Amino acid sequence: MKFKGYRRSDGRVGVRNHVVVMPGVTCAAVAAKKIAATVPGAVYMHNPNGCAQTPRDTAITLNILSGMIANGNVYGALIVGLGCETIQEEMYVEAVAQKTDKPLHYIALQKSGGLKGTVDSGVKIVQELIQGAEICRRVDCDLSDLILGLECGGSDPTSGFSANSVLGAASDAVVDSGGTAVLTETPEAIGAEHILRERGATPEVGQRIYDAVKNNEKLFLDLGMDVRSANPSPGNKASGITTLEEKSLGCIHKAGARPFTESYSYGDMIDKKGLMFMDTTAYDVCSTVAKVAGGAQVVVFTTGMGTPVGTAVAPVIKMTGNRDTYKNLEDILDFDSSASIYGEKTTEELGGELLEYILRVASGERVKAEINEAFDMAINQFASYC
Amino acid sequence: MKINGIYSKPGDTVVTVTDQTHAGDVVSYTSEGQQVTFVAVNDVPKFHKMAIEPKKKGETVKKYGERIGVALKDFAPGEHVHTHNLGSREED
C-alpha cells in the first residue's frame, strides 16, 4: 500500500511540507506569531519553554523541539529567540543539526531592532523558505516509510472495546508492511505492564518496557504522590471506567498484537522499524508531541468523550467508538468506529477502513484538527521553572 | 433477544452494557457463541459495568480477561460495578 509523501534530503519522509516558525523562548512568541501570520503557508509552532529550566529539563526541551523540526513533515524552520534566554542560538542549531540537514534559520528580537525589525527580518526569511518548500513534490511512498503515532485521550469504555481495538488492527497492518507504530503514555500501562513485558521482541525489550511502567509509578510514590489520584480522570470515571488498571488494559489495545521491537525514552528519534514503546507522560498533548518529535508523521488519537487536540507539525486523526460522541462533536472528529460496538462491522473491517483513511491523510487530506488549527504544544519536565 | 452487553474475554466477571439500563431490565450478551442473559439488579448507566459473577470483598474483578481491581464490598450478579464497589486496592 502506498501514499504520496515528501522524501527529504536527510532520508526521512513527510506527509506535510511545513515551514515552521517557532519562538526560541515563550517571551519571543509575539514576534514569531506575527511572522507566521504574515506569510501565507507558514505555520506557527508554540514553544512553552526556552528559559529558566534545570539542565535536565533544558535537554528535554531541546530534544523535543529539535525533534519536531526534524520531523519529515517539516521542510524548514525559523526560530525567533529573544536573545538573553537559556537556550541560545548555537544550542538550537547544534541540536537540530544532530538530527537533520534541513534549512534552519535563527533571529533574536533583542538584536533585530525590536518587534517590527524582527518581524520584517523574519518575514523575508520565511518567504524564502516557502519558495524552497514549493519546489518539493509528493512522490510514491510505502507504508514502510510511515511512523504512526498511537494516542488516546478523553477515554470512555468504548475506547477499549472499539476505537483502540480498531486502531490496533491498523497498527498491525502498518507493522506487517514494514512500517512503524509507536505506543506511549506510560502511566496508562499501569496494570497492563505484565502483558507488555511478554510482548517484547526480546526478553530485554519486554523488561525495559515493564521497568519503565514500574518506575513511573515509583517516581511519583517516592515524591509522596499517587498517579492513581489523577488517573482515571473524573470524566473517565463518569463514563464508566473505574480503575487505572481497567483504563490501561483498554489503552494497550491501540498497539495491536505485534511484538515490541524497541523501547525509547521521551521524545527520542525512532530509528527502527516495527512496533515501538516510548516512555511518556499520560498528558495527551505532551505525549502526542513526543511521538511527533520521535518522527511520527501521522498520529491517530482515539477518544470516548471527544477532544480537539492537534499539533502544528503532524496531522492528528481523531476517532471514537462512541456513536453519541461522534454525532455531537463531528466538527472535531474524523472517524467513527462505533459499528464494532453494535456488531455491524468487525474490528478487522474497520481497521482496514481506518488504514485507507490514514493513507489518504498521509497523501494530503486534511483532518479536523488541521482545519480547526488546533496546534497544541506541551513538553514534559521534571522540576518547576527555576 | 437484542444484544445489549459486551463480554470481552473468557474469565470476565463483568459485562459492559451498551444501553442505559434500569433495574429489572434484561441484559443479554454473547459468550463463546452462546447467548447469556441477566436481569439488572439496579440501574446501570450506558457503557458502565454489570456483575455477572458474585464477588466477596477482596476478590478479583476481571474484564478483558485481566484483573481490573478488587471488590470493595460484596456484590451479586446483575449489580452495577463501579467506584462504589470496585477499586485498584482493597483500601481504596
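The values are calculated or read from the model by the stated rules, or taken from the named source; none is laboratory data. Given the structure is predicted, the values throughout are model-derived calculations rather than measurements. All Cβ positions, glycine included, derive from the backbone under ideal geometry; neighbour counts span all protein chains shown.
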Candidates B:Val27, B:Val41, B:Val36 - the one that is more than 12 Å from every other protein chain (Cβ to nearest Cβ) and assigned to a loop (DSSP other than H, G, I, E, B): B:Val41
Residue among A:Tyr342, A:Tyr385 that is within 14 Å of chain B (Cβ to nearest Cβ) and either among the basic types (Lys, Arg) or assigned to a loop (DSSP other than H, G, I, E, B) (or both): A:Tyr342
3 or more residues within 12 Å of chain B (Cβ to nearest Cβ): qualifying helices (runs of 4 or more DSSP H) within segment A:161-265: A:193-198, A:234-239, A:244-251
Tally of residues being in a loop (DSSP other than H, G, I, E, B) and over 13 Å from the mean Cα position of the chain (by Cα) across segment B:63-73: 2
Failed item, numbered, when A:Gly306 is tested on (1) in the same structural domain as A:Gly149 (by TED's automatic domain parsing); (2) more than 24 Å from A:Ala282 (Cβ to Cβ): (2)
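Tell me which residues, restricted to segment A:274-330, are outside any helix (DSSP H, G or I) and either free of Cβ contacts under 8 Å to residues at least 24 places away in the same chain or polar (S, T, N, Q) (or both).
Of everything in segment A:274-330, those that are outside any helix (DSSP H, G or I) and either free of Cβ contacts under 8 Å to residues at least 24 places away in the same chain or polar (S, T, N, Q) (or both) turn out to be A:Thr280, A:Thr281, A:Gln297, A:Thr302, A:Thr303, A:Thr307, A:Thr311, A:Thr320, A:Asn322, A:Leu329.
Condition check ((1) assigned to a helix (DSSP H, G or I); (2) surrounded by 16 or more Cβ atoms within 10 Å (Cβ to Cβ); (3) in contact with an Asp or Glu (Cβ under 6 Å, 6 or more places away or on another chain)) across all residues:
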residue: A:Tyr357; (1), (2), (3): yes, yes, no
residue: A:Arg360; (1), (2), (3): yes, no, no
residue: A:Gly364; (1), (2), (3): no, no, no
residue: A:Ala369; (1), (2), (3): yes, yes, no
residue: A:Phe375; (1), (2), (3): no, yes, no
residue: A:Ile379; (1), (2), (3): no, yes, no
Residue match in segment B:47-62 (condition: in a loop (DSSP other than H, G, I, E, B), within 14 Å of another protein chain (Cβ to nearest Cβ) and surrounded by fewer than 19 Cβ atoms within 10 Å (Cβ to Cβ)): no
Residue list for segment B:63-90, restricted to those being within 21 Å of A:His194 (Cβ to Cβ), in contact with a helix residue (DSSP H, G or I) (Cβ under 8 Å, 6 or more places away or on another chain) and surrounded by fewer than 23 Cβ atoms within 10 Å (Cβ to Cβ): B:Tyr64, B:Glu66, B:Arg67, B:Ser88
Residue pairs meeting the criteria (Cβ under 9 Å; at least 6 apart or on separate chains; first not assigned by TED's automatic domain parsing to the domain that holds A:Ile130, in segment A:89-112; second surrounded by fewer than 20 Cβ atoms within 10 Å (Cβ to Cβ) and of a type outside the set (Ser, Thr, Tyr)): none
Whichever residue in segment A:290-315 is touching a Ser or Thr at 6+ places or on another chain (Cβ under 9 Å) and closer than 30 Å to B:Asp19 by Cα and, among such residues, is surrounded by the fewest Cβ atoms within 10 Å (Cβ to Cβ): A:Gly306
Single residue of segment A:249-278 satisfying the filter (closer than 17 Å to A:Leu62 by Cα and at pLDDT 95 or above) that is surrounded by the fewest Cβ atoms within 10 Å (Cβ to Cβ): A:Ser265
Selection from segment A:211-230 of residues that are surrounded by fewer than 19 Cβ atoms within 10 Å (Cβ to Cβ) and of a type in the set (S, T, N, Q): A:Asn215, A:Ser229
The lone exception for B:Ser88 - which of (1) at the interface with chain A (Cβ under 9 Å from one of its Cβ atoms); (2) at pLDDT 95 or above it fails: (2)
